[in-house]
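The block underneath contains the structure these notes are about, expressed in structure tokens.
Quick note: the coordinates plus some simple rules give every number you see, no bench work behind them. Model, not experiment: these values are computed from the prediction. Here the Cβ positions follow ideal geometry from the backbone for every residue, glycine too, while neighbour counts run over all protein chains shown.
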Amino acid sequence: MTAAAPAPAPLPAGPSGPARAAGDLATMSRRSLLRMVRYPSLTVLIVGTPVVLLLLFVYVFGGAFGAGVAPGVSPGAAGRAAYLAYILPAVLVITAASVAQSTAISVAMDMTGGITTRLRTMPVAPVSVLGGHVVGAVVQTLLATAGVLGVAVLLGYRPGARGPDWLGLAAFSALFALMLAWLSVAMGAAARSVESASNTPMVLLLLPFLGSGFVPVDTMPTAVRVVAEHQPFTPVIETVRGLLGGGPLEASTTWTAVAWCLALTVLGWLWARSAYRRPRV
């Protein structure tokens, strides 16, 4: 009588759902970060454009505008220093919006180039496909923001922020970057072409100008002032300005900025998920 064949050894269990999703997210995030390294000209453009804007406004308009934003400051060198401190928060916001534009283009390239379609046929967690772009955008935004802030220090800017202020600024910048990342990913996923994806985020670049970024809102006409006071980037700019200055923050403005960031993050996530699931024809 022959002995029964031994039962085959059980196959090793694969990673669980959350573990697999985390691994896929790490892979897709690495892909987004490698794109930043492989295309350094894009990174230079993202940082260079806000720096040029900073130099233009400070050294061309700052001598005169500084006297208007800081009472008691005379035009000239003192005015330029005062205006540098005033517009820096807006330039940092524009830096983050520049990253959002490049993120929308990258997502649109994946959506229209067939990469996303191929990933849908593979055992890849759907959350990681767009989440990788989000992680890459947040990291790139924080690095670009630090670079522009460093240039401002070289130009003579001296922040009054202390330790807790810097921690608060880092946390708020990460939240703001997350909000812009999800909105830009949604814009890229919903775009029908790469060209339209490059144009849609332009509204994010224009909003800092229609706010308190470059001039006080109380100097604007009534209709414009109402829009400037109630659009989301104005409380964001004021919160960044308060954190950099090291002075006491206005609680209502700060909580309004946080509420805008959280609400738009959820909106961007829902929009991105819907656009990703929609079949492309």
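Data for the structure
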read-out	value
Entirely in segment 96-198, the helices (runs of 4 or more DSSP H) that have 1 or more residues that are surrounded by 22 or more Cβ atoms within 10 Å (Cβ to Cβ)	126-154, 163-190
Qualifying positions in segment 211-241 - farther than 24 Å from Arg80 by Cα and either charged (D, E, K, R) or assigned to a loop (DSSP other than H, G, I, E, B) (or both)	Pro221, Arg225, Glu229, Gln231, Pro232
